[in-house]
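In what follows, a single structure is set out as structure tokens and then discussed.
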């Protein structure tokens, strides 16, 4: 059975967030998108999200820092890292620091949906 979850997407490229938001809303999820790490962190203090999808390379705060802060605030929140600069080292660092999963750009929205479904199952 499909479970509706609250998802925050943080990517400094607006088109990425919009495409992912559309794809995930089709599955009935509640999705909020942000292009600023500062704004996303403000929202995360106000509201708990089940899943956070964050780009790793951004100007203000990088994805690893966002993930670290999210995990301190909400240990049960699953963090999925996305990046256009995928390397084995980056993936290893993200996973070692607690990311639920890691996905390299370009990817299809369906690829992210599959990982999100795994994250939902892992919460139970």
**Study point:** Of all residues making up segment 74-114, the number that are more than 21 Å from residue 24 (Cβ to Cβ) and modelled with pLDDT of 90 or more
**Key:** 5
Review point. Can you spot a residue in segment 36-51 that is free of Cβ contacts under 8 Å to residues at least 40 places away in the same chain and within 20 Å of residue 105 (Cα to Cα)?
Key: yes
Check your understanding: Any residue at all in segment 94-103 that is loosely packed, with under 13 Cβ neighbours inside 10 Å and farther than 18 Å from residue 6 by Cα?
Key -> yes
Check your understanding: Under 6 Å by Cβ, and 6 or more places apart or on different chains, what pairs join a residue from segment 95-124 that is closer than 19 Å to residue 56 by Cβ with one that is at pLDDT 90 or above and in a loop (DSSP other than H, G, I, E, B)?
Key -> 119/100
Point to revise | Of the criteria (1) under 17 Å from residue 37 (Cβ atoms); (2) modelled with pLDDT under 95; (3) in contact with a strand residue (DSSP E or B) (Cβ under 6 Å, 6 or more places away or on another chain), which one residue 57 fails | key: (3)
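The values are calculated or read from the model by the stated rules, or taken from the named source; none is laboratory data. In this text the structure is predicted, and so the values were computed from the model without any measurement. Neighbour counts run over all protein chains shown; Cβ positions are idealised from the backbone, glycine included.
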